[in-house]
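The values are calculated or read from the model by the stated rules, or taken from the named source; none is laboratory data. It should be emphasised that the depicted structure is a prediction, and the values quoted were computed from it without experimental measurement. Backbone-built Cβ (ideal geometry, glycine too); neighbour counts: all protein chains shown.
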C-alpha cells in the first residue's frame, strides 16, 4: 500500500470542514463521520489511485486526479510509493477561483 501524505493545504481543508460542521453548524457527529469517511476514502484511493478522474489543465504543471467523497472533491497525485492529497473542496466551492494556484505548495 502507498503511504499517504497530506499537503499543508489539504490538512487545513479537512480541519476547516470538521470545525465548520462541528461548531458553525453544531453537528459534531456529522463532523466526526465526515472526517472518518474522508480518511477511509483516501486510504482506498491509495490502494487504487487510478480510480480518480484526471484533471485536464495544462497550467497545473503535473497530473492531478480527483475523486468525490460525500460532497467533497479530494484532489491528489501519486507515485508508486506515495499518494499526496493536495486539496479537499466542498462541491459548492468555486475551484477555478479558490485554490488551484495553491496545489503546488
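Just one of the numbered conditions (1) touching a residue at least 60 places away in the same chain (Cβ under 8 Å); (2) at positive phi is not true of residue 85; which one?
For residue 85, the exception is condition (2).
Here is a yes/no grid of residues against (1) in a helix (DSSP H, G or I); (2) modelled with pLDDT of 95 or more; (3) under 28 Å from residue 1 (Cβ atoms):
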position: 14; (1), (2), (3): yes, yes, yes
position: 20; (1), (2), (3): yes, yes, no
position: 36; (1), (2), (3): yes, yes, yes
position: 44; (1), (2), (3): yes, yes, yes
position: 62; (1), (2), (3): no, no, yes
position: 74; (1), (2), (3): no, yes, yes
position: 87; (1), (2), (3): no, no, yes
position: 92; (1), (2), (3): no, no, no
position: 105; (1), (2), (3): no, no, yes
